[in-house]
1. Just to verify a number: FRET efficiency for Tyr67 and Glu168, C-beta to C-beta distance, R0 = 60 Å, to 0.05?
2. Using θ = phi - 60° and the Karplus curve 6.51 cos²θ - 1.76 cosθ + 1.60, what whole-Hz ³J(HN,Hα) does each residue of segment 106-112 get, with Gly and Pro shown as x?
3. Rg/Rh for segment 160-213 to two decimals, with Rh computed the Kirkwood way over all alpha-carbon pairs.
4. Which whole-number percent is the relative contact order of segment 5-68 (Cα, under 8 Å, 6+ apart)?
5. What's the local net charge at Ile163, with K and R +1, D and E -1, over the other residues with C-beta under 11 Å away?
6. Using θ = phi - 60° and the Karplus form 6.51 cos²θ - 1.76 cosθ + 1.60, what ³J(HN,Hα) does each residue of segment 312-318 get, whole Hz, x for Gly and Pro?
7. Which of the peptides 222-228, 308-314 is most tightly packed, and how do the rest follow, going by the mean number of other Cβ atoms within 10 Å of each residue?
8. Can you list the HN-Hα couplings for segment 319-327, worked out from phi with the Karplus curve (6.51, -1.76, 1.60; θ = phi - 60°), rounded to whole Hz and with x for Gly and Pro?
Amino acid sequence: MAKQVYQQIYEDILSKINVMHFRPGAKLPPERQLIKQYNASDTSVRRALAMLVEQGYIVKRHGSGNYVCGKVTADSSEGNPDIVFVVPSHFGINIGLSELRRSLSLELPGLKIKILVLDKPSLEPEQARRLIEYYRKPFVILNSRNQTAEMAKEGLLAPLESIAHMDERVDRMPDNLKWLFNGLHGEMKYFGCPYLYTSTCFAINVDLAEKAGLDVAHPPRLWSELFHWGRIFTEWRDSKGYHDLSAFYGYHRDFISSVEAFYFMAMDGEPWAVQDEEFRRGLNEFFAFVEGLLDGGMMETVANQAPDPFVSCKYLFSLQAGSWYPRDISKFRPEMRCRFLPFPVPSARRPRFSACGTELLSLMLPDDKKKAGMEVIRLLDALFSPAICEQLAWRFGCLPADPQLSRRFLQTNPGMEPFYDALFTSLEPHCMEDEALTNKLNEIFKRRLDSNKMRLDASAAEEYLSFASGILSHFTSQNSLKKEMLA
């Protein structure tokens, strides 16, 4: 059953209180602002606020507003926890906090665990400092690779090698998912252990493909073949008057800039030190593909959504079909037939799937605690147990990083089989992102997509290529770093 609006508002505000977005003593936004923010009625907002007051999370001061109380939770079992477990908001789907809490309670009787679900995909150093200052308890954090690196560099994380069983766990992780990070004084240690990762590939809606007369047994292998399929589907759609359907979709403003993630396919999965002419050739081929989609009316841009728009059954293709698709399809469209395939490439070479993000487990200790206690060891042991790890992997739409658990997970969960033994060739795990360059590239496409013409032209392509050469230089300079990471 869908949650009532007031319940959604209540849970969202409570989440922000728990992760210190609204700190103790802070004033909440006025009711009028909350009504606009949640696009809700005044009745729903007031009911949500009343629940927070009744449960001791906020206090209403007449004539002044609503303020966060000094305690973070009204639940005495979590009000003074032994340990805090932080998990991100991942792919827009709530991970099922009550089920996770129940599973951990069964695994860890007598251990008081506070679970904080972030209101964003990762925990940043500033927020981490606020949390550790407030709780003064050990934190086990599930976080992105880049933020784990930042927190290690700022001295917020404890190295994992000294914790029981963690050196063995890190050692058995795939080389392309684990990294040595710089600590506060430049020391290179494992401050995070790979736990989950996401994988993306290419997906076809089998039902739509068959209706359009496409041969699913021989799917596209090249960008040109993929474009031809899109044209056939669009002609069939128009002839039948099915104008609510589309061959492709992309998130508004993000679709074209995804060339940043796809261009490596022209380089056989190895962009480092590639020849400049080859680099430009791959980009130009992808540009021609995108221009053809826009010009032929084959693509629709949508807002960020959960579940993924592909699950609506309106689209023939998804170019970024993720490991979370089987979860969403089983939940929202169990009748949908979908086929996952390697990405199409400029020439028929080896299969390609992309490991596009890794979540690492790390440890943050309060100042008065110099080493991990039994509460930390017990929680880590539970998280690496097959039952808990696979539960989190399914809820997050990820794969377990541990190869043994990953094989078992992929074989036992319907719909995940295509990701088994995939060849991962993503850029993401191998080098840090150049945020300034990425922002500049995205700005180019924002201007194009916000203009009257929803398409690229030669000047836009050339402008992108000039910055793409900067990406090339950046990756070339990362060669030694890459070798060090993969050693």
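Quick note: the coordinates plus some simple rules give every number you see, no bench work behind them. Please read all numbers here as calculations on a predicted model, not as lab measurements. A quick note on method: Cβ atoms are made from the backbone with ideal geometry, for glycine too, and the neighbour counts reach across all protein chains shown.
1. 0.80
2. Ordered by residue, 3J(HN,Hα) equals 5, 6, 10, x, x, 9, 8 Hz.
3. 1.38
4. After rounding, I find 42 percent.
5. Combined, the nearby Lys, Arg, Asp and Glu give -2.
6. Once θ is set to phi - 60°, the couplings for segment 312-318 become 6, 6, 8, 10, 6, 10, 10 Hz.
7. Going by the mean number of other Cβ atoms within 10 Å, highest first, we get 308-314, 222-228.
8. 8, 9, 6, x, 5, 8, 4, x, 4
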